[in-house]
Amino acid sequence: MFGSPLVKSLGSIFRYLGADHVVLITGSRSFTESPHFGNLLAWFSEEQVRFDHYTCSGEPSPGSVDGVTAKYSGDIPSLVIAIGGGSVIDTGKAVSAMLGVNKPVKMFLEGVGTETPPGTKVPFIAVPTTAGTGSEATKNAVLSEVGRDGFKKSLRHDRYVPDYAIIDPELYAGCPPSVTAASGLDAITQLLEGFVSTGAQPLTDQYALAGLKMAGRSFENACRNGADLDARGDMALAAFNSGVVLANAGLGVVHGIAGALGGLRRVPHGAACGTLVGLVTTRIIEKLTRIQGWDTHTVRKYALAGAALSGGDHGSVQGNVESLLDTLSRWIREFDIPALGTYGFTRDIISTCAQGSGLKNTPVELSVEEISDIIRARM
Ligand SMILES: [Fe+2]
């Protein structure tokens, strides 16, 4: 549901769902300190909706999910609503999937647990307040634990796609420029990686190109003037599209590296993707054009992405590819996306991280050495 105030959209959903006991999950401050929170509480009271409120901060972990679900054994709530950034939405998604399951969520995480997620869930409404992960449109929740045996892995099932996503551009207006930039670059990375993915399809391509065009015309305005609701709306839809694209076409090596980094240290996902996407895209295109030349399906797709993101046709495949790389590197520089060292990463993690980075659906092979070089250059 796009464009209406939060409580108006909730009103129409509640008329259909009739939920009387809600688990409400929000971030720790930005939403709860905004007037929108007061409006929501007043609406709950008017509608006599019983709710339990939990806040979460930082990247979501199995512990934060189990901490909520363990509170319910007999009286399972009838709805979960998560309002916040990607971390909050992922926490809400995992809570809605695990309520009533009575087992730790870690048992169901890909590559960590041994059990297949059951796919049962309590209805879930995702209300994003940052335009980035597109979790409001995806079937997975990413949970992590940092440290020596750290991981960043997904709880995934087709039925975990949120039942509703409410996109109210006003809710994004309070998102600070640094978070807007990093999350926006995450969405752009997802659109781009999905667009050139080996799993791309005609329908996901349409979502990806439309998302890249919206991001192209509105990324800078959303970062520079948070109150520009047209720009916020564009970025919110670009992020939603990126979720549709990644859930159906898959991602690439930027997300492979970001996943490995996220298991080693606490680093915001958007910042990890944002710092890597420029250089990774450059290296992939260098390799593709060296092996296959400029006139190939994938390189032409990078050119289309360049025209969409830069807002104009530069006359040739090479011109549009260059505009893509220029736009990405300019945004990373102008909006101060930090290098990895800012988050405490040091050179001794490079080889572990490169070995743990999956290529996912990247359209060209990259060796562990090539991935190591990329990580080293962004240190
Ligand atoms: Fe992402």
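The values are calculated or read from the model by the stated rules, or taken from the named source; none is laboratory data. On a predicted model such as this, the values are computed, not experimentally measured, just so you know. Here Cβ is always computed from backbone atoms with ideal geometry, including for glycine, and neighbour counts include all displayed protein chains.
Below is a table of values for the structure above.
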item	result
Matching residues in region 292-318 - criterion: being within 22 Å of A210 (Cβ to Cβ) and either basic (K, R) or free of Cβ contacts under 8 Å to residues at least 12 places away in the same chain (or both)	H297, R300, K301, G312, D313, H314
Every residue from region 163-187 that is part of a loop (DSSP other than H, G, I, E, B) and over 27 Å from V254 (Cβ atoms)	D163, I166, D168, A173, G174
Region 321-338, residues that are more than 18 Å from V280 (Cβ to Cβ) and over 20 Å from the mean Cα position of the chain (by Cα)	E334
Restricting region 180-193 to residues that are within 17 Å of R330 (Cα to Cα) and among the hydrophobic types (A, V, I, L, M, F, W, C), the residue that is nearest to the ligand (Cβ to nearest atom)	A187
Only one of R217, R266, R232 that is more than 15 Å from the ligand (Cβ to nearest atom), closer than 30 Å to T346 by Cα and touching a residue at least 60 places away in the same chain (Cβ under 8 Å)	R266
Condition met for A181 (farther than 19 Å from K8 by Cβ, in contact (Cβ under 8 Å) with a residue 24 or more places away in the chain and in the same structural domain as D230 (by TED's automatic domain parsing))	yes
Flag for A126 being more than 27 Å from D149 (Cβ to Cβ) and surrounded by 15 or more Cβ atoms within 10 Å (Cβ to Cβ)	yes
Which numbered condition A249 fails, given (1) farther than 21 Å from F2 by Cβ; (2) touching a Ser or Thr at 6+ places or on another chain (Cβ under 8 Å); (3) more than 14 Å from the ligand (Cβ to nearest atom)	(3)
Test: L203 is over 14 Å from the mean Cα position of the chain (by Cα), surrounded by fewer than 23 Cβ atoms within 10 Å (Cβ to Cβ) and either over 24 Å from P35 (Cβ atoms) or of a type outside the set (V, I, T) (or both)	yes
Pick from region 174-200, criterion over 16 Å from the mean Cα position of the chain (by Cα) and of a type in the set (A, V, I, L, M, F, W, C), ranking: farthest from K301 (Cα to Cα)	A200
